[in-house]
Each structure stands twice: as C-alpha cells, then as structure tokens.
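Here the structure is laid out as structure tokens; the discussion comes afterwards.
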Amino acid sequence: MAELYLLTPPKIDDDFADVLARTLDAGRVSALQLRLKEHSDAEIEALAPKLIEIAHQRGVSVILNDDAALAAKLGCDGVHIGQEDGSIRDARAVMGPKAIVGVTCHDSRHLAMTAGEQGADYVAFGAFFDTATKSPKTRADLDILVWWTELFELPCVAIGGITAENASELIAAGADYIAVCGGVWSHPDGPEAACAGLSQLLD
C-alpha cells in the first residue's frame, strides 16, 4: 500500500499553517516535506515550528529539504538530500541514528543502489510527469519502480508532476510513497479536495 508524501509550496505566507492543518485533516498524509526554496534560513526558522507542530499533532513525520543541520535545529524527523547536498553519512551524523534520511536518485538505478548501501531510509525517483514546481533534471520511467520494488525492501518515493489523475499508475508500479506538491496546492477544487482524492487511491 502506498502512502502520501506531501511537499510544501516553495513560498508560503502566514495563512499557510491553517491551510496545512485543513489539508492534513482531509486525507491520509504520512510525511510532510518542508521544501521552502524561496525562503531564507531565518524565514524558515520562523515559519517551520508551527508547521511541524501541526504535522506532529496529526502523526505526520516532518522532513526538511536539503539542510541536515537546520533540520536538526528545528527538530524535524528527517532530511531529504539531493546529489549535491552532502553525504548520507554526514546527514546521519548531524541528525542522529533514528532520523529519516532520504535521497534524490533521479532516474538512476546506480544512484539508488549506492544510496541504499550508504544507509538511506528511502530513495526518490523522478520526475515521472511534467511539473511546474521545478525544472526536473531527469525523466523517470515506471520500469524503475517495478525494478526497485522487486529487488529491494528499501522504500521508494515517486515524485514529479503527480496528481490524483496520474498517481494510480505509480502506485500500481510499486511506489511506496507518492510525493505531491502542485497536484495538491494548485488543485482547482483546493488542497483539501486534492488530498482527499489522492488518499482514496491509496486503499
């Protein structure tokens, strides 16, 4: 059974905490990634505590993007690192042995196997679809999910342009987590409806 991994928009305002609370209440979210790319570290330090509190009240793990030291300072449950964001070993040293360390592996089987060998808690593949959130470096095929889940027990995350309309094929291919950003926050019926719709696909 797949689980929902929600990413924040890159830029948020003071009203976002209330929107987040309603969105998490509308569906079954397992993890929340704070991916506040358009905010400074100081702004993230000011914004994050309320978001973390809201997530933790609902049993949702909080993972900060890119910065293990800041993730540890904020009391996040883990960190997600890209291929240029330092090593898994260093992130683990900063975050502690029980923290979640996830790694972007693009469309690369080699990067994923290496991440697994180095102690990652999950590997992320993508982008699977066109996305307006960022310019993806790679386009991944469903085959990589099938291959990974047949050979390895380490969880894999599918990311990139995922919506309620296209998530089913990723789930069928074996994705353990469906990472969604624009498909929730930019949904024409609002993020609560999007979260509820995606959650229905996970059963």
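The values are calculated or read from the model by the stated rules, or taken from the named source; none is laboratory data. These numbers come from a predicted model, not from an experiment. Neighbour counts run over all protein chains shown; Cβ positions are idealised from the backbone, glycine included. Quick note on the areas: whole protein, heavy atoms, side chains included, nothing else; ligands and nucleic acids left out. Shrake-Rupley method; radii C 1.70, N 1.55, O 1.52, S 1.80 Å.
Averaging Cα coordinates gives a centre for the range 32-83 and one for the range 108-168; these two points are 21 Å apart.
Over the chain, with a Gaussian network built from C-alpha contacts below 10 Å, which listed residue (Ile52, Ile100, Ile12) shows the highest mean-square fluctuation? Result for the chain, Cα springs under 10 Å: Ile12 fluctuates most. Full extension of the chain between Arg109 and Ala42 gives 20.5 nm of extra length, using 0.36 nm per residue less the Cα-Cα distance. In this Cβ point-charge picture (+1 for Lys and Arg, -1 for Asp and Glu), the chain has a dipole of about 300 debye about its Cα centre.
Applying 1/(1 + (r/R0)^6) with r as the Cβ-Cβ distance of Lys11 and Asp203 and R0 = 35 angstrom yields a FRET efficiency of 0.60.
Take the Cβ atoms of His56 and Leu151, set R0 to 45 Å, and the FRET efficiency comes out at 0.85. A 1.4 Å probe run over the chain, with the rest of the protein chains in place, finds 47 Å² accessible per residue. Positive-end ranking of Thr163, Phe125, Pro97 along the dipole of the chain, with charges on Cβ about the Cα centre, is headed by Pro97. Taking the alpha-carbon distance from Lys98 and a cut-off under 16 Å, which aspartates and glutamates remain once sequence neighbours fewer than 8 residues away in the same chain are dropped? Once the sequence-local aspartates and glutamates are set aside, what remains near Lys98 is Asp77, Asp90, Asp121. If R₀ is 25 angstrom, what is the calculated FRET efficiency for the pair Glu169 and Ala93, using the beta carbon separation as r and rounding to 0.05? Working from the Cβ atoms, E equals 0.10. The length gained on full extension between Lys137 and Ser30, counted as 0.36 nm times the residue separation minus their Cα-Cα distance, comes to 35.9 nm. Can you list the lysines whose alpha carbon sits under 27 Å from that of Lys137, skipping same-chain ones fewer than 8 residues off? Correct list for Lys137: Lys11, Lys37. What percentage of the solvent-accessible surface of the range 35-109, computed with a 1.4 Å probe over protein heavy atoms, is contributed by carbon and sulfur atoms? Solvent-exposed carbon and sulfur of the range 35-109 make up 48 percent of the total. Each Cα pair under 8 Å and six or more residues apart adds its separation to the average, and for the chain the resulting relative contact order is 22 percent.
Around the amide H of Ile100, modelled in the peptide plane, lie the amide H atoms of Gly78, Val79, all under 5 Å away and 5 or more residues distant in sequence or on another chain. Overall, the range 38-80 carries a charge dipole of about 260 debye about its Cα centre when +1 sits on the Cβ of Lys and Arg and -1 on the Cβ of Asp and Glu, all other atoms neutral. When the helices of the chain are scored as -39500 (n - 2.57) per DSSP H run of n ≥ 4 and the total is divided over every residue, the value at 222 nm lands at -11500 deg cm²/dmol.
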